[in-house]
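Working notes, structure below.
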Amino acid sequence: MPNIASAKKRVRTTEKRTATNHGRKSRVRTFTRKVEEAIAAGDKKAALAALKAAEPEIMRGVSKGVVHKNTGARKVSRLAHRVAGLPG
């Protein structure tokens, strides 16, 4: 356990930031999963709508530092590619 006041504050700050980042990461995964489920169902219309909602969430995760820039771009690119490949 930290004894110095600034170290104690760092522990409190880190706990808050960890909780916030966990929520942000969870949102990114949730929106990504919705696109995955629409792709699995073969519903192009729903997949496009889900992708349109997921892209800003993923990029928000990038801007907040929860996801690396290249990782976010890769996720969006791969999802878009798979949605475009759906028939219909």
_With a cut-off of 8 Å between alpha carbons and a minimum separation of six or more residues, what is the relative contact order of the chain in percent?_
28 percent
_If neighbour count is taken as other Cβ atoms inside 10 Å, put Val11, Val66 in order from fewest to most._
Val11, Val66
*In the chain, which whole DSSP H runs stretch at least 27 Å along their own axis (Cα) and average 0.0 or higher on the Kyte-Doolittle scale?*
44-63
*asked:* Can you tell me the convex hull volume per residue for the range 23-88, based on C-alpha atoms, in Å³ to the nearest whole number?
replied: 59 Å³
*Given the options Lys69, Lys16, Lys25, state which has the largest fluctuation in a GNM of the chain using a 10 Å cut-off (strictly under) for Cα springs.*
Lys16
_For the chain, built as a Gaussian network whose Cα springs stay under 10 Å, the top-fluctuating residue of Arg60, Arg33, Arg78_ = Arg78
_Let's test the formula: R0 of 22 Å, r as the Cβ-Cβ distance of Asp43 and Arg74. What FRET efficiency results, to the nearest 0.05?_
0.40
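All of the numbers you see were taken from the coordinates with simple rules; none came from a lab. Being a predicted model, the structure only gives us computed values, none of them experimental. Virtual Cβ from ideal backbone geometry, glycine too; neighbours counted across all protein chains shown.
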